[in-house]
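Shown next, in structure tokens, is the structure this report addresses.
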Amino acid sequence: MGKRVMVVDDSRMVEIQMKKLLENTQYEVVSFCRKGEDAVARYADVQPDLVTMDILMPGMDGLEASRILLEANPDAKIVMMSHLAYDETIDEAMSIGARGFIAKPLDRERVLSALDKAGA
């Protein structure tokens, strides 16, 4: 059985792109959330193996959503995804407990490498 991925991003294009990038891999997108609040609310029901989390979203941003998810689920495996690939943003994501960071635009090899490392 493959690994279940929850994608959290306000962009419909990212949903389509992630499904395409993960086709014919061990990963399957099982849930898509457009807001951090939705990810927090749905995580327990979905029980994904991995979460990809955008940083900039309306309402609760990805850093805050990750903090909340990890407080309630310390074993959650979160990989941040963002155009904001600055050292301080990456450092903050890692200090929260993210297991990786993928700079947008998304690339299949970078996505798979980050998911593999986070899921190990």
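The values are calculated or read from the model by the stated rules, or taken from the named source; none is laboratory data. Just so it is clear, the model here is predicted, and its values are computed rather than measured. Quick reminder, even Gly has a Cβ in these numbers, built from the backbone with ideal geometry, and neighbours come from all protein chains shown. SASA here: full protein model, heavy atoms, side chains in, ligands and nucleic acids out. Shrake-Rupley method; radii C 1.70, N 1.55, O 1.52, S 1.80 Å.
A few points about this structure:
- Average accessible area per residue (Å²) across the chain - probe 1.4 Å, nucleic acids and ligands excluded: 52 Å²
- The alpha-carbon atoms of region 50-120 define a convex hull whose volume equals 78 cubic angstrom per residue.
- For the chain, adding -39500 (n - 2.57) for each run of n ≥ 4 DSSP H residues and dividing by the number of residues yields -13500 deg cm²/dmol at 222 nm.
- Atom-type composition of the exposed protein surface of the chain places 48 percent of the accessible area on carbon and sulfur (1.4 angstrom probe).
- Nearby aspartates and glutamates by direct alpha-carbon distance to residue 19 (threshold 12 angstrom, same-chain neighbours under 8 apart not counted): 28
- In the chain, Cα pairs under 8 Å separated by at least six residues give a relative contact order of 23 percent.
- Protection proxy ranking, peptides 82-93, 48-59, average beta carbon neighbours within 10 Å, highest first: 48-59, 82-93
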